[in-house]
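> The structure that follows is given in the form of structure tokens.
Every read-out reported here was derived from the displayed coordinates using simple, explicitly stated rules and does not represent laboratory data. Computed from a predicted structure; not experimentally measured. In this analysis, Cβ positions are derived from the backbone assuming ideal geometry, glycine residues included, and neighbour counts consider all displayed protein chains.
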Amino acid sequence: MCIQAIFPAVFVLAALLSCGGEKQQYSITTKTIAIVSESKACKDCAENDIKCCVMRYDGRRFIRNQTYVFDSTGKVYDYTIAPQMGTIIYERSNMPPEYESYYQIKKQQVKWVADKKMLIDNNDTIRKFELLAEQRVIITDGSLYSGGLAAKGNVVIYTYE
């Protein structure tokens, strides 16, 4: 009789403990280098669409410069540039070799460690960022990065799922 009373209690306790320790896992789906701008570039496109150079988040307008699109393993499978004449999308299969080396396509690694409130973007660890959870977007100041991203006026916009 004692064992019959203890077994359900142990089962319930084990179920509660297994649920409580689980951490939410997120993966970065895109990384975009952009500038804050009210420019009227890119006509006839849907804002925030990968084919449009205009992005709008939290009431601010951004002009896309370049975007890395990551697959489920964290590797870049599309690279997008947004020249003034319109957006050009390169898939891994048709990307010019000089782009692959110049933009370090194969070396791109981005990870969001949500429980520690930090982004790891290649060799940069970013702890100061704006999280727009409803839109599943993270916005950072480009000056927080080393190398070319640190150009004045750049912002880096990540989307996640």
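> Could you tell me which chymotrypsin sites (Phe, Trp or Tyr not before Pro) in segment 99-157 are loop residues by DSSP with no more than 15 other beta carbons within 10 angstrom of their beta carbon?
Values: sites: Y99, Y102, Y103, W112, F129, Y145; in loops: Y103, F129, Y145.
When the chymotrypsin sites (Phe, Trp or Tyr not before Pro) of segment 99-157 are filtered for loop state and at most 15 Cβ neighbours within 10 Å, nothing remains.
> Another question about this same structure. Looking at this model, which pairs from K51/K117; K75/K111; K31/K106; K31/K107 are more than 22 angstrom apart at the alpha-carbon?
In this structure, K51/K117 lie more than 22 Å apart at Cα.
> Taking H as built 1.01 Å from N, whose amide H comes closer than 5 Å to the amide H of T29, not counting residues under 5 places away?
T159, Y160, E161
> Then there is this: I need the trypsin sites (Lys or Arg not before Pro) found in segment 107-161, filtered to DSSP loop residues with at most 12 other beta carbons within 10 Å of theirs.
Answer by residue number: K117, R127, K128, K152.
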